[in-house]
1. So what is log10(I(q)/I(0)) for the range 97-146 at q = 0.29 1/Å, when the Debye sum runs over its Cα atoms only?
2. Convex hull over the Cα atoms of the chain, averaged projected area in nm²?
3. List the equivalent ellipsoid semi-axes of the range 12-57 in whole Å, largest first, each obtained as the square root of 5λ for an eigenvalue λ of the Cα gyration tensor.
4. 7 Å from Cα along Cα→Cβ at both Met1 and Tyr39: what's the point-to-point distance in nm?
5. Taking only the alpha carbons of the range 1-146, what extent do you get along each of the three principal axes, in Å, biggest first?
6. As a test of understanding, state the convex hull volume per residue of the range 102-202 from its alpha carbons, in Å³.
7. What distance in nm separates the two pseudo spin-label positions at Val123 and Lys240, each 7 Å out from Cα along the beta-carbon direction?
8. Given points 7 Å out from each Cα along the Cα-Cβ axis, report the Tyr30 to Asp116 separation in nanometres with one decimal.
Amino acid sequence: MIVGMDPGNYETKIVTPYGAFQTLSCLGEYRELKIDKEYGKEDIFYEFKGEKGFAAKLALKESLFKRQMAGDSKAHEDALIRILIALHRFTDDNDFDIVVNQPIVKHKQDKTKIVDMIQGKHVIKVNGKTKTMRINKISVAPEGAISYWALEKPNKLERIIDVGSGTVNAATILDGEFIDLESFTLTFGANSEEVYDIKNLATAIIAKATIKGWKKTDHIRVCGGIAELVAPLLSQYFAKAIVIKPKIRVGTVLKILQPTFANAVGCYELASELYG
């Protein structure tokens, strides 16, 4: 199965031939719960490499040491666990060809680490069901920039701002080519303590973008979980700032998704091109 994956700090997004899905990314330590009760779909018990844990809403509610690892890299085991839980929950397949994203600032540095970590055979138990999966092919795309693949009619020059919970990735694409000189990553995001409100976040993005040579008249595409909140603030400086509304085709139905899925859709479109 071909899959596009965005294992973010706050939510993990996955796009498959059968649709787009999301789950909370929070992980936490396991402990025996004193009361048996009915749990929801987002209450996740998992076991990986002999260690038990809670995930998603259950981790938020019942784990003392919550793990929502933010930063400029996905080269860590928590990202792998997020990916495997999503594949377990939202697919019925066992063999996968995947494109996953990684923040721009450490894309080249950590690309090989991520491939080595994800590729191969994995066994994980989720809510009592054990699943063996094999990830045969894996490619790592630059976060934010990969959303270019989710655009229907891209302009010659596109500036993409991906506002994540832990990072902001800003990419420049010229004639379909990533331009490193005019791209950047901010190591804080929508859920960072350093950013006290969305206005401050937008101001920081604009300041860095202008240093990188972005012009007021450039076409700006905004994606991420708070895209619809931050885009109007960005448009006060960048008049052509608009929100990305990615689309996927499921069977004969064309579905319009929220901007938080832009990276995952871009990963899926690239995966379809590479592996389809």
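Each reported figure results from applying straightforward, stated rules to the coordinates on display, with no laboratory input. Here the structure is a predicted model, which means the values were calculated and not measured. Using ideal geometry, Cβ is built from the backbone for each residue, glycine included, and neighbour counts are taken over all protein chains shown.
1. Debye intensities relative to I(0), on a log10 scale: -1.01.
2. Details: hull surface 58.8 nm².
Spelled out: convex hull of the Cα atoms, projected over all directions, averaged, 14.7 nm².
3. Equivalent ellipsoid semi-axes, largest first: 24, 14, 9 Å.
4. 2.1
5. That works out to 46, 30, 27 Å along the principal axes.
6. Measuring per residue, one finds 163 Å³ for the Cα hull of the range 102-202.
7. With each label point 7 Å from Cα toward Cβ, the separation is 5.5 nm.
8. Computed distance between label sites Tyr30 and Asp116 equals 2.8 nm.
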